[in-house]
1. Using the basic label-point model (7 angstrom from Cα toward the beta carbon), what is the Lys2 to Lys134 distance in nanometres?
2. For the cross-link pairs Lys204/Lys270; Lys112/Lys270; Lys134/Lys239, which exceed 24 Å when the distance is taken from alpha carbon to alpha carbon?
3. Taking N as the number of residues in the stretch 101-178, what is its Cα Rg relative to 2.2 N^0.38 Å?
4. So what J values fall out for the stretch 5-19 if you push phi through Karplus, 6.51 cos²θ - 1.76 cosθ + 1.60 with θ = phi - 60°, rounded to Hz, Gly and Pro as x?
5. With the dipole of the stretch 1-104 worked out from charges on the C-beta (+1 for Lys and Arg, -1 for Asp and Glu) around the Cα centre, which of Gly17, Leu7, Asn94 lies farthest toward the positive end?
6. Would you kindly state how much longer the chain becomes between Asp91 and Asp257 on full extension, computed as 0.36 nm times their sequence separation minus their alpha carbon distance, in nm to one decimal?
7. Could you compute the FRET efficiency for Lys204 and Glu114, with r as their C-beta to C-beta distance and R0 at 30 Å, rounded to 0.05?
8. Select from Gly56, Leu137, Ile45 the residue farthest towards the positive end of the dipole of the chain; place +1 on Cβ of Lys and Arg, -1 on Cβ of Asp and Glu, and compute about the Cα centre.
Amino acid sequence: MKEKSLLGKRAFIAGVGDDQGYGFAIAKALAEEGATILFGTWTPILKIFQTSWDMGKFDASRKLSDGTLLQVEKVYALDALFDTPEEVPEDVRNNKRYQGVGGYTVSEVAKKVEEDFGSIDILVHSLANGPEVKKPLLETSRAGYLAAISSSSYSFVSLVKHFGPFMPPNSSALTLSYIAAERVIPGYGGGMSSAKAALESDTKTLAFEAGQKWQIRINCISAGPLSSRAARAIGFIDKMIDYSKANAPLEKDLWSDEVGAAAAFLLSEKASAITGVTLYVDNGLHAMGLALNSPSIATPILYHS
């Protein structure tokens, strides 16, 4: 029987709100390796998520390789825009989707997790939001830009800051980026490309600081496009997927479980000397400097045997 690399480890995954995104795929991959799973789900969709889970709507997606279903030890309401309850504005506190749900700021959730379990070994940041993502950068407001940075990149800093103190030495944390951090992706606006660039830079700095302070490894995966619920908000995700498949070195679909497998490796002791890295899991698209399906190329340059 294959030895499970994460047996006895506990993972907190922030940003899971359905069964479509990379966060859910990472949860499954970690569970396959023996980890116990906790979710942090955005407060406004918590009830919908829990109801769908309890009704079995995710059962097909939850199935693991041994036929059992992915189990989640606990789901916490989490709004990573806020570090402390004092920062939550009045209109958010009074919003009906927040009513009856207490302790959803990052510091409060971290305290709850520590009280419930004592420690965690793995922290995954799988959340991003840009309220003006469909706007070009030149048309993005200051508020929209700062919201994208706050939700999509500073939230990782905050999670590491508040969870790090009760993560034992040799624990690990992971975030998810996108090639727009380095290359121009027209249509991926609202400051989201800036947020991803900040996220990758922060990965390096956090690797140093959290490594020196707590002996925690910090890494990032730059994943290719996936037609998740969140990605569909961009409005042209299908075209991005088609472009990637047509131009990447590996002419194939990118599956969420491939990102999950890479995450499980980086979060395990098999990667014990790897920190501060952004690992591309995108069928190699990041390496390309020429679009093979460009109209400017009369004859596509292909190398099939």
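1. 4.2
2. Violating the 24 Å Cα-Cα cut-off are Lys112/Lys270.
3. 1.31
4. Per-residue couplings from phi come out as 6, 10, 4, x, 8, 10, 10, 9, 10, 8, x, 8, x, 6, 9 Hz.
5. The one lying farthest along the dipole's positive direction is Leu7.
6. Result for the pair: 55.9 nm of gain on full extension.
7. Result of the calculation: an efficiency of 0.65.
8. Leu137
Readers should treat all values here as calculations from the given coordinates under stated rules, not as data from a laboratory. Note that this is a predicted model, so its numbers are computed, not measured. When we count neighbours, we look across all protein chains shown, and the Cβ atoms used for this are built from the backbone with ideal geometry, even at glycine.
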